[in-house]
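Derivation of every value follows stated rules applied to the coordinates shown; laboratory data play no part. Every value quoted in this text rests on a predicted model; they were computed, and no experiment measured them. Cβ: placed from backbone, ideal geometry, glycine included. Neighbour counts: every protein chain shown.
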């Protein structure tokens, strides 16, 4: 069996008027099953672009991306939707629950699009809610839950479809430090249970919870190694902020724990 | 795509903003209600016309002579010519009577009866028309032949002028005293100006009252409904033989009159329904407008759904179902409103006309109205839904 995620020579180039912006400038990266990887970088480093491509929300300008051995870099909208549905589970900074649906319906959504019959869908969703300890709140609306609980619902939603990769984009960004730690602990637990977790963050203190850190700057990988290595948390030159690429700047809104 | 969830979501979002939902649906509601009212009233009219024709007799053939053809004043048709025609074709024609609308003033004691219609006819009229004698007798050959001053009166006159005991009494018609020899059965509701407010005298007397010696109007009866067309041809041939000009007379069967009325009614209804349908179109545009707003408002939701694996057709389906649900509910409200309005309007018209008039929609009309409103929702929901389905998930997720 090959690697779970295999990025080869990935470029993502945006045309901004006359100038060309290289959000990803030749990135190659492999992630294996069962890994817990943090992709770290400052604003404009290209980590959001990387996350979008890994999450099959976007396609690279050039280069190849194999997920589970399937080339997903040239897929169209609907094919990508199917890959997202079957292989990926997203956890977002803003939870991204649908406010009009109750907790159970939210968790059921990916299964709904997978075409599961009613009863199976309900069972799988309830089981995922059990795993995050919110089974008793399945009838609540997201607005009736705390931020930490909402994030756990979104984790349940990511788990419900038994994806190959759990992709967490600044999952603690909107939480206070205590709930943030809880959520991170949960991701570690999922990883111990054998799930592959990819965490995207700008925050070293969060990144070190992963086993492996991949640091991006200006579209290049400048570090890739074990999180226990002191070099992993060395902040590159602070001026990196000035070369703002202008894409994928969700992290600017992040609240530093 | 899961239909039930989309449907429930649609109901939910309609319920969370009731005012907006109502305004969105208003165009559809008004359009559907208007169509239902128009169709209901049309049906009521149709029924009324049908029953009136039924009363008149569906075998009836009216003959009207308007002139003489050219300048040959010698050309004329007499009642005897018409009787001869009936005798010659008994398989098609069962009877004929002259039918003269007399210009006469009816007076009984000191009371004038201005509304009363005075007709002149022959003894055959009872076989041709639908009048039936309740008491006494109808006119007879001898009355017609000798211009006797006798008359048969409708039930209204009998009640109003003679308190129900008119037989043998005298009534003044344009100054001459006429003896009441018969009273007709009630045909309508025995009120002034109704079918029962009438009086029959020998046509010879009626022609004299009108100051003419010609009879220009006849009522034939065909042996049955199917023979009417052939009978009409026979009468026309006879008239053409005399007048040499088909423009001076008119032969119309009851069926033709009914057809002509129906055609007119249908044309009128089609025009009215088409006008009402414009409101449906406007309603559809209203739905499209609100759906476009809704797509923008829910960009983030669309992004979330797409990130979880919703395909284009899933998103499109969701918004189309929502638009269809909105217009379907609008359609149902419109049908309800339309039926209520039709019942109310039918009651008012019924009171005005003093007859049994009931406005009622047909199941087909309700079904079509409902179907059209759902169709409009789907049609006008398609554009916004398609727009939603094409949103880029990254942009949609980042949308606030």
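Here are a few things to note about the model shown:
- Cβ-Cβ FRET estimate between residue A:226 and residue A:64, R0 fixed at 25 Å, reported to 0.05: 0.40
- Computed from the Cβ-Cβ distance with R0 of 35 Å, the FRET efficiency linking residue B:64 to residue B:174 stands at 0.90.
- GNM top mover of A:19, A:164, A:43 - chain A, alpha-carbon springs below 10 Å: A:19
- In the protein assembly as shown, inverting the average of 1/r over every pair of distinct C-alpha atoms gives 32.4 Å as the Kirkwood radius.
- Calculated FRET value between residue B:111 and residue B:368, using beta carbons and R₀ = 60 Å, to 0.05: 0.65
- A crude spin-label estimate for the pair residue B:51 and residue B:399, with each label 7 Å from Cα along the Cβ direction, gives 5.9 nm.
- Label zone (residue B:275, point 7 Å along Cα-to-C-beta; backbone nitrogen cut-off 19 Å) within region B:7-47: B:27-46.
- At full extension, residue B:383 and residue B:360 could sit 4.6 nm farther apart than now, given 0.36 nm per residue minus the alpha carbon distance.
- Neighbour counting of Cβ atoms within 10 Å sorts the residues A:108, B:111, fewest neighbours leading, into B:111, A:108.
- Region B:35-59-region B:336-400 distance, computed between alpha-carbon centres (Å): 26 Å
- For chain B, the Kirkwood hydrodynamic radius from C-alpha pairs, put into Stokes-Einstein at 10 °C and a viscosity of 1.306 mPa s, yields a diffusion coefficient of 61 µm² per second.
- Distance from region A:17-73 to region B:197-276 (C-alpha centre basis), Å: 89 Å
- B:7, B:243, B:380 arranged by Cβ crowding within 10 Å, fewest neighbours leading: B:7, B:243, B:380
- Residue among A:165, A:208, A:153 with the largest mean-square fluctuation in a Gaussian network model of chain A, springs linking Cα atoms under 10 Å: A:208
- Chain lengthening between residue B:297 and residue B:247 when straightened (0.36 nm per residue, less Cα-Cα): 10.9 nm
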